[in-house]
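Each remark here refers to the structure printed beneath this line.
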Amino acid sequence: MSIRFSAPCHFGLEKVLRFEVTRIGGTDITVQDGRVNWSGDWDTLARANINLSVAERVQILLNEFKAETFEELFQGMYQAPLEQFIGKEDAFPVKGHSVNSTLHSIPACQKILKKAAVKRLQKAYHLNSFLPETGSLHQLQFTILKNQVSIYLDTSGEGLHKRGYRRNSNLAPIRETLAAGILDLGRLRSNTLVCDPFCGSGTFLIESARRACQIASGLDRRFQAEQWECVPDSAWRSARSEALDRIDRNVEFEGWGWDIDPEAVRLTMENAKKAGVEKFLHIEQRDIRDFHPVTDAVTFCNPPYGERMLEQREAQQIYRIMGKVLTAPLHVICGDPDFERCFGKKADKRRKLYNGMISCQLYSYLK
Ligand SMILES: C[S@@+](CC[C@H](N)C(=O)[O-])C[C@H]1O[C@@H](n2cnc3c(N)ncnc32)[C@H](O)[C@@H]1O
């Protein structure tokens, strides 16, 4: 059975995700802003969830259509082949969002879409009564953008940035999916030496160590579609065993991390241990003022960016120090439009990225 898949990603990482989708065997790949679509089968579904490092989740694309009326919205969901994935007893809540569209009331859209899904499944299972919805979760998701509707079925459950190694922290960590994408844009290799002078919870270092050892990003966690009856267990088993076979811990990789906050140092080591890569990392408490470059290392970091005036001034002082002590190759993600001026040098390459809702640039200094 050929299935159409879709994965959202951070804006700016579509090309990175496209490449990852090719590597897991996706075919007929198409790219749009913040999303990549492809065709595949159950094996592709398991491989995608386990291996895609920059996708936010993996969804099945059930239908795409235009709707300006509730009747069109109803018909679009009613045409979707829901019974191929959702069993007679399964739960199928609906959620989503609408942007710049005639149908803008989310509760009203949810209600209509749910009604259409119930009707389709009642017909498919020859039932007149209510569906029990006591089985496994099949989260239906919709997006309406300029009256163009897409209906998805989520297969991941928790977002794929949750790798299973990071404890929640209040240190403004960068998302694992965004960090993985930045490492890719910075052309990280398995023998690259990596530094992060603002390591926080250690995301850049842990993601790079795991990448160097070829540890698949989702190997330590479970996915919603593992509970679905329609997906054969063999798909998950073989995707996990392929991923395990690829792991190589005899790599030259080394990572150095520093942070002014002793709690960050402790947290990075705790997370690295959970992620199985602590032996590759050297972490110490250190102020950026005392930074000493590591020969041949590439630096990846997201320094603090203050949102209030005082914080912003302090953050800009840090960028000035960075300009004095850090050397290329260096990749900095920062939300302050004045970063380059404070740093004292124009970047060789600039890419627009979003860190959550904050519009940022990835400043790459290459020489
Ligand atoms: C935005 S966070 C980095 C988050 C990190 N990338 C992660 O994924 O967890 C910025 C970090 O810079 C650290 N920091 C602030 N001022 C510093 C300084 N003067 N020297 C070194 N680290 C500093 C903070 O303690 C914080 O952990």
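Only a single criterion out of (1) more than 16 Å from the ligand (Cβ to nearest atom); (2) assigned to a helix (DSSP H, G or I); (3) polar (S, T, N, Q) is not satisfied by residue 208, namely (1). Restricting attention to region 38-52 and to residues that are open to solvent by less than 10 Å² (accessible area, probe 1.4 Å) and not in a helix (DSSP H, G or I), the residue that is farthest from residue 160 (Cα to Cα) turns out to be 38. Of the residues making up region 218-237, those that are of a type in the set (Asp, Glu) and assigned to a loop (DSSP other than H, G, I, E, B) number 2.
If I ask for residues that are more than 29 Å from residue 88 (Cβ to Cβ) and of a type in the set (S, T, N, Q), which ones from region 210-267 would you list? If the condition is that a residue be more than 29 Å from residue 88 (Cβ to Cβ) and of a type in the set (S, T, N, Q), then 214, 217, 241, 250 are the ones that fit. Do we find a residue being surrounded by 14 or more Cβ atoms within 10 Å (Cβ to Cβ) and assigned to a helix (DSSP H, G or I) anywhere in region 95-109? Yes, region 95-109 contains a residue that is surrounded by 14 or more Cβ atoms within 10 Å (Cβ to Cβ) and assigned to a helix (DSSP H, G or I). Among the residues of region 289-327, which ones are of a type outside the set (Lys, Arg), within 11 Å of the ligand (Cβ to nearest atom), more than 28 Å from the chain's Cα centre (by Cα) and over 20 Å from residue 346 (Cα atoms)? Passing the criteria: 290, 291, 311, 314. Looking only at region 157-177, decide whether some residue is in a helix (DSSP H, G or I) and either open to solvent by 10 Å² or more (accessible area, probe 1.4 Å) or within 16 Å of the ligand (Cβ to nearest atom) (or both). Looking through region 157-177, at least one residue is in a helix (DSSP H, G or I) and either open to solvent by 10 Å² or more (accessible area, probe 1.4 Å) or within 16 Å of the ligand (Cβ to nearest atom) (or both). Can you work out which of the residues in region 256-277 that are aliphatic (A, V, I, L, M) and under 23 Å from the mean Cα position of the chain (by Cα) is most open to solvent (accessible area, probe 1.4 Å)? The selected residue is 269.
Select from region 186-196 the residues that are part of a loop (DSSP other than H, G, I, E, B) and either of a type in the set (D, E, K, R) or in contact with a Leu (Cβ under 7 Å, 6 or more places away or on another chain) (or both) and write down the one among them that is nearest to the ligand (Cβ to nearest atom). Reasoning before the result, please.
Filtering region 186-196 down to residues part of a loop (DSSP other than H, G, I, E, B) leaves 186-192.
Filter again for either of a type in the set (D, E, K, R) or in contact with a Leu (Cβ under 7 Å, 6 or more places away or on another chain) (or both), leaving 187, 189.
Values: 187: 19, 189: 21 Å.
In this case the residue turns out to be 187.
Can you tell me which residue is farthest from residue 248 (Cα to Cα) among those in region 265-288 that are of a type in the set (Lys, Arg) and either away from the ligand (no atom under 14 Å from the Cβ) or touching a Phe, Trp or Tyr at 6+ places or on another chain (Cβ under 8 Å) (or both)? Write out each step before concluding.
Restricting attention to region 265-288, the residues satisfying the condition of being of a type in the set (Lys, Arg) are 266, 273-274, 279, 286.
Restricting the remaining residues to those that are either away from the ligand (no atom under 14 Å from the Cβ) or touching a Phe, Trp or Tyr at 6+ places or on another chain (Cβ under 8 Å) (or both) gives 273-274, 279, 286.
Working: 273: 17, 274: 17, 279: 14, 286: 31 Å.
In this case the residue turns out to be 286.
Scanning region 66-89 for residues that are more than 28 Å from the chain's Cα centre (by Cα), touching a residue at least 60 places away in the same chain (Cβ under 8 Å), more than 16 Å from residue 104 (Cβ to Cβ) and outside any helix (DSSP H, G or I) yields one hit, 87.
Go through region 229-247 and count every residue that is open to solvent by 60 Å² or more (accessible area, probe 1.4 Å) and within 21 Å of residue 192 (Cβ to Cβ). Residues meeting the conditions: 1.
The values are calculated or read from the model by the stated rules, or taken from the named source; none is laboratory data. Predicted model, so just to flag it, every value in this text is computed and none were measured. So basically every Cβ, Gly included, is an ideal-geometry build from the backbone, and we count neighbours across all protein chains shown. For accessibility, only protein heavy atoms count, side chains too; no ligands or nucleic acids. Shrake-Rupley method; radii C 1.70, N 1.55, O 1.52, S 1.80 Å.
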